[in-house]
Structures are given as C-alpha cells and as structure tokens.
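Beneath this line is the structure, given in structure tokens, with notes to follow.
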Amino acid sequence: MRDWLQPHRIILALIGVALVLWCATQMRWDWLPKYAPMMAEGIWRTVWLLVLSSLLGMALAIPLGLAQAAGPWVLAAPARAFCTVIRGTPLLLQIWLLYYGLGSLFPQFPWIRESDLWPILRQAWPYALLALTLSFAGYEGEVMRGAFRSVPRGQLEAARAMGMPRLKILTRIWLPQAVRNVLPTLGGETVLQMKATPLVATITVVEIYAVSSRVRQDTFIIYEPLLLLAVVYMALAGLIVLLFRWIERTGPQTRPAGR
Amino acid sequence: MTEAAPAPSRSAAPEAIRVTGLRKSFGPLEVLKGVDLTAHEGDVIAVIGGSGSGKSTMLRCINFLETPSAGTITIAGEPVRQRPDGTAADRRQIERIRQSLGMVFQQFNLWTHKTVLDNLIEVPVHVLHQPKAEATDRAMSLLARVGLADKAHSYPAFLSGGQQQRAAIARALCMEPKAMLFDEPTSALDPELVGEVLAVIRALAAEGRTMILVTHEMKFAREVASHVMFLAGGLVEEEGPPDRLFGAPQSPRLQQFLRSVG
Ligand SMILES: Nc1ncnc2c1ncn2[C@@H]1O[C@H](COP(=O)(O)OP(=O)(O)OP(=O)(O)O)[C@@H](O)[C@H]1O
Ligand SMILES: [Mg+2]
C-alpha cells in the first residue's frame, strides 16, 4: 500500500484521472443510455461464450494431451493431427467452415430438420461455441501434452508401487499436478481466447464487439464505442488474471515461497 | 561361481517373498540371468553389488514395476499370475500385492501436491477406503515415530532430503505392508542426513520387519542384515550371513568389490 504514495505513482494516477475526466466530459456519450441494455446483453454473450468454450475445450484438451503424452499411437496420432490442424489454421476459417459448412449440410437431412434440436442448430451460436471450443482444445491439448510429461515419473511410479489403480493415479496424482503446472500458462491462454471471441461476430453472433459495431453504424460515432469496448475487454482480462491468481494461491504450495 | 545354497540355519518362519529363476533383459542387454531369493518373515536381506549390476532391476521385478523376462515371484505363498509375455495377468492381484509391499525409492518420490499427512493417507483412504479418522491416527503416530509429527501439514518441498525420505518410509508403513523394499534409500542424501534415515530403518529391522534392502552402505548392511546377497554379472555371485560375506568373502569379485568400496 505504501508503494502507492511515491511521487511518480501519484503523478501517473493524476494523469489517469484527468484522462478519464476528459473522456467523460469532452467525448460524446449521449448514445449510452439507449444502447446500454444491448451492450449488457453483448457482454453477457461474450462472457458465456468464453466460459463455456474454455471449460468444454479444457475437457477435450485433457484427453488430447494424455493421448499424446502416454497413449498408444492409434490415439496419439489422431490427437496430434487434430492439434496441428487447429493450431495451423486461422480461427476465422474454422468458424466459417463450421458455420457455412456444417450449417448448410444439416438442413439437407430431413431427420435433423425435424428433430427437436433444429431450432437450436438453425442459430449461429452453436457453431460459434463449437469453433471456439475446438480451437481452445487444440491449443490446450498441446499444452496438456507437455504438462502430463512434466510430472516426475518417480511420483507416478510411487503410486503404482503402492497399488493404486491406473484411473486413480490419473485423477489423483497425474492430472492434478499437470493442471497445477500449467495454471500460469492457462491464465494467459484464457485471455487470448477472450480476445478471439470477436471473430464470432462475423457469423451474426451479437456479442459485445458486434454491439459496438452496431453503435458505430447507427450513430456514426467512431471512437467512443471502441474506447468503451477496449475498457470492457481489459476489465474481463483483469478478472481472468485475478481468477487464476486466486486459484494458484489457494492450491498446494509446491515450492517454498520466494524461490 | 554361485555359492552353495542358503545355509539351513536360516529362519523357519513362513516365506514372505520368493523369487525363482528371475531373468530380465532390456533389449539386447541381459541384466539378470537367473536370480533366486527367499525372504522369510523377519528376514532383512541386504543386496549389494556394483553399479549397473541389476540390484534395482531385481527389486522392481518383485512388485512388477518391471516385467520379468522369465521367472516367478511368490508373495506370502501366493504366486503372481503372469501372462505368457511375463506381465502380471491379474490387475487386481498385482495391485493387492503391491499394497502389501512397501517400496521406498532413492528419490523419495513423495507427491509434491499433497501435504505429508495426505501423502500417508492417500492410498489407505482413497484406494483401500479405510475411515479417514482411523488412517489419520495411524499416519500421525507413524510420523511421530520417524520424528516428523510437526511436519504433517507441510508440503514435501519444504522438507530436507532426510525428512522427505523419512516421510516416504512412513508413507510405505501406513499401508501396513507385509514386507518392505528399499532401493538405496540414502544414496540421494547429503552425508549428514544419512544417519537419521538409517536410524529409522534400523528400528524397523529391530522390530522384526521383513525387508529387502539394496544399499551401498556396507557397514549398515553388515549391522542390520540377516542375510546378504552379492549381485554380479546378472547372477548371485555370493550370499550368506553378513559376518561371513564381509568377514571372509570367497569369490574374487566380491573381494575386489569390498576393497573398492572401502
Ligand atoms: N528401463 C531400462 N531400460 C534399459 N536399460 C535399463 C533400464 N533400467 C535399467 N537398465 C540397465 O540395466 C542395468 C542394471 O540397472 P540397475 O538400475 O538395476 O542397476 P543397479 O544395480 O541398481 O545400479 P546402481 O547401483 O547404479 O543403482 C544397467 O546397465 C541399466 O543401464
Ligand atoms: Mg539402482
């Protein structure tokens, strides 16, 4: 806390406050009340796309990483191919391929069109969610491969020597340590994932980026919506970083502090 | 070559571990070429031999951390069922047998994401489904025995090597094993930490625990062992009571080995 009282910090803070005040008074914000509900909805959509795709992607990344780190080649090779393809192609392309490819393939099957799922499959968000999930899975599958390998063999051997069944070794020794090892990486990757979400605006999913574009088109105001957009993304990134710091702090301490 | 069969004076207690005709190759490298070993209950068998003579390999074949190329392992009268390729045929059986053989490694191998106490009760509680309170009581008294009562809630990274190894021994004991397998338990330790670990092992020997101890500590082996095996060239070159093996070694290789380790 004391650190904040140093002169250069105080000056920087004052400049920051002045900047915010200037933005608030000198720029045009009269459109805000009208678009606020829409923006809230957009933020909400961005957040759940991010949370769901990260969780589902991670759930896929674990078997993908495990298959590559320890699986027989019939599992390792396809997992490796998947990660390579996902990481080697632009996310925008994946989104479009899923939306325009799958999205135009599905209606050709009457049983899909008549199923209860059709009202959902007709919308854009399932394809956005799927593309973001697969993308996250591809990157994190590679990360998890390294994470599984980084757990010292001796610790797994000790578990084996004590008669732990294989699944127990995985869930209680191997996976927890692998995930713990990549928590710092994972935080950064989640921020990257967040910054990839605006791409789904290209297939008509109205998340926060799409809303700000909409404001610009409607009102011809350019900077203000973009500025607000930047603030929103920074706030989300901050939340993600805090969340991961908190998870890291609450977990077991694997090395003495300060080392 | 191989010395005469074990002296008849050895224990008449029930057999704890019997190894017969154990062979093990890694690719073209034949590490074990037919090793026999019998440990009766209460025996302390010290296994000595040069680096690369296959001591660890033999120990690891006993609980099937390595798959024997040939030979059989019998634990407390129960042969480990094997497939034709040598691997354990019955997962349940081998898991049960491993639970009855407490293994202690050179590198301790504590689970670094769990506290010392959680290391001890992990398998009793989460695999054997013992009541947590009961396992915790047992773990705490074991930790007190090895002098680590105050470290129960520490993570392994905060312990010295000697403390980690004592915790690893307590973890093995917490399974209430029928026999213990030690693979050079003090080789990774700074010299000043060796004593505290040997003291724990000495106490275990004194209370009549069955153990097989691979070690480079010749003085210690002579002191605690009831029987010593010298491995060389993939075979048991010489074996017998410690006084005879260390006092009057017969084979030239053992004589030379003992000279080289001082
Ligand atoms: N997994 C393995 N793959 C290939 N070779 C191995 C493997 N494990 C051991 N070996 C080889 O088998 C031989 C015996 O190894 P082992 O570890 O059993 O020796 P040791 O008697 O325990 O030696 P030390 O005293 O150095 O621990 C060595 O030449 C070693 O290189
Ligand atoms: Mg060894």
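The values are calculated or read from the model by the stated rules, or taken from the named source; none is laboratory data. What you see is a predicted model; the values in this text were computed from it and never measured. Glycine also receives a Cβ, built like all others from the backbone with ideal geometry; neighbour counts cover every protein chain displayed. Remember, those area values only see protein heavy atoms, side chains included, never the ligands or the DNA or RNA. Shrake-Rupley method; radii C 1.70, N 1.55, O 1.52, S 1.80 Å.
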Exercise for the section: Scan segment B:192-262 for GluC sites (Glu not before Pro) in coil per DSSP, keeping those whose Cβ has at most 16 other Cβ atoms within 10 Å, and list them by number. Expected result: B:Glu207
Fill in the blank from the handout: Karplus ³J(HN,Hα) for segment A:13-27 (6.51 cos²θ - 1.76 cosθ + 1.60, θ = phi - 60°; Hz, whole; x = Gly/Pro) runs 4, 4, 4, x, 4, 4, 4, 4, 4, 4, 4, 5, 8, 8, 9
Fill in the blank from the handout: Residues hit by the 30 Å² burial cutoff in segment B:100-123, accessible area with a 1.4 Å probe, assembly against chain on its own, are B:Phe105, B:Asn109, B:Trp111, B:Thr112, B:His113, B:Glu122, B:Val123
Handout entry: Inter-site label distance for A:Thr185 and A:Trp44 at 7 Å from Cα along Cβ, in nm
Key = 3.6 nm
Practice task
Counting only heavy atoms of the protein chains, get the accessible area per residue of the protein assembly as shown (1.4 Å probe) and round it to a whole Å² value.
Solution key: 50 Å²
Practice task
State the antiparallel share, in %, of DSSP beta bridges confined to the protein assembly as shown, rounding to the nearest 5.
Solution key: 55 percent
Handout entry: Helix-only CD estimate at 222 nm, as mean residue ellipticity for chain A, using -39500 (n - 2.57) per DSSP H run (n ≥ 4)
Key = -24000 deg cm²/dmol
Problem - In Hz, Karplus ³J(HN,Hα) per residue of segment A:106-121 (6.51, -1.76, 1.60; θ = phi - 60°; x = Gly, Pro) - result: 4, x, 6, 9, x, 5, 6, 5, 8, 6, 5, 6, 4, x, 7, 5
Problem - Selection of GluC sites (Glu not before Pro), segment A:108-165, meeting DSSP coil and at most 10 other Cβ within 10 Å - result: A:Glu114
Exercise for the section: Once you have all Cα-Cα distances for chain B, histogram them in 10 Å bins from zero and send the whole-percent values. Expected result: 7, 30, 35, 22, 6, 0
Practice task
May I ask for the distance between the Cα centers of segment A:211-259 and segment A:148-203, given as a whole number of Å?
Solution key: 23 Å
Exercise for the section: Please go through segment A:182-259 and write out the chymotrypsin sites (Phe, Trp or Tyr not before Pro) that DSSP classes as loop and that have at most 13 other C-beta atoms within 10 Å. Expected result: A:Phe220
Practice task
Check the protein assembly as shown and count each lysine pair with an alpha-carbon distance under 19 angstrom, considering only pairs eight or more places apart or from different chains.
Solution key: 9
Completion exercise
Expressed to one decimal in nm², the mean projection of the alpha carbon convex hull of the protein assembly as shown is 35.1 nm²
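What is the interface area between chains B and A, defined as buried accessible area summed over both chains with a 1.4 Å probe, reported in Å² to the nearest 100?
Details: alone 11960 and 16340 Å², together 25950 Å².
Summing both chains' loss of accessible area gives about 2300 Å².
Tally up the carbon and sulfur contribution to the accessible surface of segment A:118-232 as a whole percent, 1.4 Å probe, everything protein left in place.
Heavy-atom surface of segment A:118-232 belonging to carbon and sulfur, 1.4 Å probe: 64 percent.
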